[in-house]
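See structure below.
The values are calculated or read from the model by the stated rules, or taken from the named source; none is laboratory data. Every value quoted in this text rests on a predicted model; they were computed, and no experiment measured them. When we count neighbours, we look across all protein chains shown, and the Cβ atoms used for this are built from the backbone with ideal geometry, even at glycine. Ligands, DNA and RNA are stripped out before the accessible areas are found, and what is left, the full protein with its side chains, is counted by its heavy atoms. Shrake-Rupley method; radii C 1.70, N 1.55, O 1.52, S 1.80 Å.
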Amino acid sequence: MDKMWAGRFSTALNPVAEDFNSSIRVDSKMYKQDIQGSLAHAAMLAKQGIISDADLAAITAGLGGILADIESGALPIDMAAEDIHMFIEGELTKRVGDAGKRLHTARSRNDQVATDTRLYLREQADVVSGKLKNLICVITDCGEKYADVIMPGYTHLQRAQPITFGHHLLAYGMMLSRDLGRVSDAVKRMNCSPLGCCALAGTTYPIDREYTAEALGFDSYALNSLDGVSDRDFCVELCAAMSLVMVHLSRFSEEIIQWSSWEFKFIDLSDEFSTGSSIMPQKKNPDMAELVRGKTGRVYGDLISLLTMLKGLPLAYNKDMQEDKEAVFHAVETVCACLDVFAPMLQTMTVREDNMLKAAGGGFINATDLADFLTKKGMPFRAAYKITGQIVAYCIEKGAALSDLTIDEYKSFDGLFDETLYDAIDLKNCVQRRTSAGGPGAESIKKQIKYLREIVK
Ligand code: ARG
């Protein structure tokens with residue numbers, strides 16, 4: 001195919017090179033933003049007297065027709081074209097002739113692609129935020145529903161202290177609320193217009209960058225033209241935010257996988273979100289959670305690809321940068337797919353409260369509360385800790401739980417013990433008396449729920 005830049009070349013591009021060079025399989029996704037950017041650019045050119053009003057009218061009508069035809073399917077995007085920018089400009093020229101050839105005045109594909117990518121990712125960031133909010137809502141509802149369901153809290157995957165399932169779930173709500181903040185922070189810096197930086201050095205035409213920036217909904221325009229066309233920080237930032245979403249979803253997935261194992265049996269995923277085995281008739285596998293965990297590495301890979309792509313690049317544009325879109329688009333799409341499956345997977349799970357309570361009854365998770373009982377009676381914490389440790393060792397030897405020992409057995413360890421200790425180590429009390437801010441107590445849970453519901457408004 002004849003290239004728009006073919007003027008100084010004596011032979012056509014080798015077909016292998018042509019295919020290798022083409023980015024349209026990835027950047028065709030930005031057709032709408034490319035047209036949006038061109039409409040703003042053309043309007044600015046006419047306003048500044050750089051092209052005529054008649055040219056503007058032809059370009060505007062032509063681009064409008066192209067957009068409608070792409071969306072209706074009447075104009076299939078030619079996957080043999082070099083990129084979406086060339087495809088649309090070529091199609092415009094086919095449709096409106098010379099006016100189409102004037103569109104690229106005072107513009108380069110370098111500022112064009114940087115503009116399109118920002119516009120596209122700004123929209124994608126909105127989509128991700130919406131899905132994050134949806135999952136936060138689901139988690140918050142679950143947090144409320146299971147606020148009184150006692151389970152063991154873990155450190156080192158060893159039973160540690162009693163908490164509630166609601167409190168545990170809400171922890172993920174907090175993580176995702178920060179992710180939401182990171183996406184909106186990334187958009188703040190992303191929302192700066194590179195249009196008018198041209199190839200790298202601006203232009204001799206009297207362009208109005210403020211006008212195009214405003215027309216495209218940017219908050220500002222890049223103050224340095226070299227930086228404007230070379231900056232892909234916004235891709236890295238969004239990808240970093242996507243990586244952290246995946247960290248959180250992957251940790252959550254890991255727990256869901258454990259909780260649905262026979263070893264834990266804290267939850268049952270619904271059949272709708274589980275799969276079977278081709279050979280073992282009894283199997284029900286948490287594939288969705290495993291896939292989310294598995295896809296996490298690929299999103300990190302996108303982030304590392306972007307960082308590595310950029311690290312050695314001299315200013316300004318280099319073709320390496322064409323690789324940016326595949327990575328960041330993939331990261332965003334993967335996160336969206338994971339969020340889409342996660343929310344209904346949680347909504348449809350069954351919680352085995354009895355098993356959680358049973359697990360909480362073992363493992364001496366009320367040992368800290370026993371030590372605190374002595375401490376509140378005046379014993380220094382370290383001394384109380386030591387005696388409690390000896391009591392735990394005694395229980396292990398005996399095959400008993402702390403609540404099984406008689407008051408006489410307790411008194412044989414220390415005279416400060418009295419009957420009220422049983423109340424102090426009752427699991428429900430252990431949880432509800434953890435009234436410290438941020439703890440699993442009822443007030444704290446209410447506060448967490450309120451905070452998360454506020455965030456998603
Ligand atoms: N398809 C290219 C990209 O995505 C467009 C920019 C090409 N610029 C150039 N000077 N060759 O990066």
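Give me the percent of Cα-Cα pairs in segment 310-457 that sit more than 18 Å apart, rounded to a whole number.
The answer is 73 percent, as a whole percent.
Could you pull out every one of the lysines with an alpha carbon less than 30 Å from that of Lys133, ignoring same-chain neighbours closer than 8 positions?
Lys29, Lys32, Lys145, Lys188, Lys265, Lys284, Lys295, Lys325, Lys446, Lys447, Lys450, Lys457
Tell me, Kirkwood radius of segment 141-270 from alpha-carbon pair distances, in Å?
18.5 Å
Taking a label point 7 Å from the Cα of Glu254 along the Cα→Cβ vector, which residues of segment 119-163 have an amide N closer than 15 Å to it?
Answer for segment 119-163: 154-158.
Please name which of Ala241, Ile396, Met44 has its Cα lying farthest along the dipole of the chain towards the positive end, using unit charges on Cβ (Lys, Arg +1; Asp, Glu -1) and the Cα centre as origin.
Sorting the options by dipole projection puts first Ile396.
Considering the convex hull of the alpha carbon atoms of the chain, report its projected area averaged over all viewing directions, in nm², one decimal.
29.7 nm²
Would any residue of segment 67-110 have its amide N under 11 Å from a label point 7 Å out along Cα→Cβ of Ala54? List them or say none.
So the set is 99.
Taking the Cα-to-Cβ direction at Ser270 and at Asn429 and moving 7 Å from each Cα, how far apart do the two end points lie in nm?
In this crude label model, Ser270 to Asn429 measures out at 4.0 nm.
Using a 1.4 angstrom probe on the protein heavy atoms only, could you order Lys101, Lys3 from most to least accessible area?
Reading off the accessible areas and sorting them downward yields Lys101, Lys3.
From the phi angles alone, apply the Karplus equation (6.51, -1.76, 1.60; θ = phi - 60°) to segment 126-131 and give each ³J(HN,Hα) in whole Hz, x where the residue is Gly or Pro.
5, 4, 4, 4, x, 6
Figure the gain on full extension for Ala68 and Thr420 (residue separation times 0.36 nm, minus the Cα-Cα span) and round it to one decimal in nm.
Computed gain between Ala68 and Thr420 is 119.1 nm.
In whole Å, what is the distance between the alpha-carbon centres of segment 223-246 and segment 340-405?
If we compute the Cα centre of each part, the gap is 46 Å.
Any idea which of Val183, Ala58, Ala6 is furthest toward the positive side of the dipole for the chain, if Lys and Arg beta-carbons carry +1 and Asp and Glu beta-carbons -1?
With unit charges placed on the Cβ atoms, the residue in question is Val183.
If Rh is defined by the Kirkwood formula over all Cα pairs and Rg also comes from Cα, what ratio Rg/Rh do you get for segment 393-457?
Rounded to two decimals, Rg over Rh is 1.24.
Any idea what the relative contact order of segment 324-439 is, in percent, if you count C-alpha pairs under 8 Å spaced at least 6 apart?
25 percent
Any chance you could get the radius of gyration and Dmax over the Cα atoms of segment 100-160, in Å?
In Å, with Rg to one decimal and Dmax whole: 23.8, 70.
Can you give me the relative contact order of the chain as a percent, contacts being Cα pairs under 8 Å and 6 or more apart?
Across the chain, relative contact order equals 16 percent.
Contour minus end-to-end for Ser278 and Lys47, with contour as 0.36 nm per residue of separation and end-to-end as the Cα-Cα distance?
Length difference between fully extended and current span is 76.5 nm.
Can you give the translational diffusion coefficient of segment 1-146 in µm²/s, computed by Stokes-Einstein from the Kirkwood radius over Cα pairs at 25 °C and 0.890 mPa s?
The diffusion coefficient I find is 142 µm²/s.
Taking the Cα centre of the chain as origin, sum charge times position over the Cβ atoms of Lys and Arg (+1) and Asp and Glu (-1), and report the length of that vector in debye to the nearest 20.
720 debye
Semi-axes of the equivalent ellipsoid for segment 304-357, please: Cα gyration tensor eigenvalues, times 5, square-rooted, ordered largest first, whole Å.
43, 12, 5
Against the empirical 2.2 N^0.38 Å scaling, what ratio does the C-alpha Rg of segment 271-381 come to?
For segment 271-381, the normalised Cα radius of gyration is 1.85.
For Ser412 and Ser184 in one chain, what is 0.36 nm times their gap in residues minus the Cα-Cα distance, to one decimal in nm?
Additional length available on full extension: 76.1 nm.
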